[in-house]
Amino acid sequence: MVTAMPLIHEVKTKKRAIAMTFDDGPHSVYTPQILEIFKTYGGKATFFMVGVQIINQAALVKTVADQGHEIGNHTFSHVKLTELNETRSVEEIERTSRLIREIVSYKPTLLRPPYLAWDDHREAIFSRLRYKPIGALNVDALDWRQPGTSFILERTRRHIRNGSILIFHDGYGDRSQTVEAVRQLVSQLIQEGYHLVTVSELLKMAESTED
Ligand SMILES: [Zn+2]
């Protein structure tokens, strides 16, 4: 029996912890800016990387991992997994995991489906391959559209609580509003006593409250 797993948007925990995530990178300009923010204020994040961006940017991928951040899988070519057959879906994910493993020597356990396109069939396939499908609470912040720094912050703020998983984008197009929003948010959250942890760390906190 395969237990289907829906997208995880948050975890139940009493710990004052939040997981910030960044999709679509690595990006030669914006990923280093995000890394710098976490270096300055403290905390770790999770980067859901796309295979086509990983190619030729191995050094940047390694830097992200070396600084203690987690790397997750965001498919090879940023496709809707729900529009592919099983073989092609698996190929999109496993090809990217192989690339990541070659660089950072672990296989990602986290998967964020592009456009959060997910269904029962994908759940069955990828839980069998031991991936955890990760969503996020603040999808309505629409940072990928660059709607303004204050818009991104205001929409994200509504979802700040223990165990939140938050989504931002460090790849494709101009991400300067995202970078500025993240800079302010990280600084505020740290001041408010939140621990910024990787998604895997956050998931462990949920498990530990149950026993
Ligand atoms: Zn994406």
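The values are calculated or read from the model by the stated rules, or taken from the named source; none is laboratory data. All of these numbers come straight from a predicted model, not from anything done at the bench. Glycine gets a Cβ as well: all are built from the backbone with ideal geometry, and neighbour counts include every protein chain shown. Heads up: the accessible areas ignore ligands, DNA and RNA and are worked out on the full protein's heavy atoms, side chains in. Shrake-Rupley method; radii C 1.70, N 1.55, O 1.52, S 1.80 Å.
Note on residue 8: accessible area approximately 30 square angstrom, rounded to 10, probe 1.4 Å, nucleic acids and ligands left out. Kirkwood radius, region 95-211, all distinct C-alpha pairs, inverse of mean reciprocal distance: 16.1 Å. The modelled label-to-label distance for the pair residue 116/residue 190, using points 7 Å beyond Cα in the direction of Cβ, is 2.8 nm. Computed on the chain, the Cα convex hull volume stands at 115 Å³ per residue. Normalised size of region 88-151, defined as Cα radius of gyration per 2.2 N^0.38 Å with N residues, equals 1.36.
In this view, the solvent-accessible surface of residue 102, computed with a 1.4 Å probe and all protein chains in place, comes to about 150 Å².
Summarise the accessible area of region 17-210 (1.4 Å probe, protein heavy atoms) by the percent that is carbon and sulfur.
Roughly 48 percent of what the probe reaches on region 17-210 is carbon or sulfur.
Roughly how far apart, in whole Å, are the Cα centres of region 15-39 and region 50-71? Taking the Cα centre of region 50-71 as reference, the centre of region 15-39 is 12 Å away.
Going by accessible surface with a 1.4 Å probe and the largest first, 172, 194, 115 read 115, 172, 194.
Since only 105, 166, 186 are under comparison, the one whose Cα sits farthest along the positive direction of the charge dipole of the chain, derived from C-beta charges on Lys, Arg, Asp and Glu, is 186. Estimated at the nearest 10 Å², the accessible area of residue 96 is 0 Å² with a 1.4 Å probe.
Pulled fully out, how much extra length does the chain show between residue 52 and residue 94, if you take 0.36 nm times their separation in residues and subtract their Cα-Cα distance? Mind dumping the intermediate values first?
Values: separation 42, 0.36 × 42 = 15.12 nm, distance 1.31 nm.
Extra length from residue 52 to residue 94 when fully extended: 13.8 nm.
Sequence-ordered 3J(HN,Hα) estimates for region 133-144 from the Karplus curve with 6.51, -1.76 and 1.60 and θ = phi - 60° stand at x, 10, x, 5, 8, 9, 4, 6, 6, 6, 4, 5 Hz, glycine and proline given as x. Averaged over its residues, the chain has an accessible area of 46 Å² per residue, based on protein heavy atoms and a 1.4 Å probe. Amide H contacts for residue 195 (H built 1.01 Å from N in the peptide plane; partners 5 or more residues away or on another chain; cut-off under 5 Å): 17, 18. Magnitude of the charge dipole for region 17-210, about its Cα centre and with charges confined to Cβ atoms of Lys, Arg (+1) and Asp, Glu (-1), is about 200 debye. In sequence order, region 158-166 has phi-based couplings of 4, 10, 7, 6, 4, x, 5, 10, 10 Hz under the Karplus curve 6.51 cos²θ - 1.76 cosθ + 1.60, θ = phi - 60°, and Gly or Pro positions carry x.
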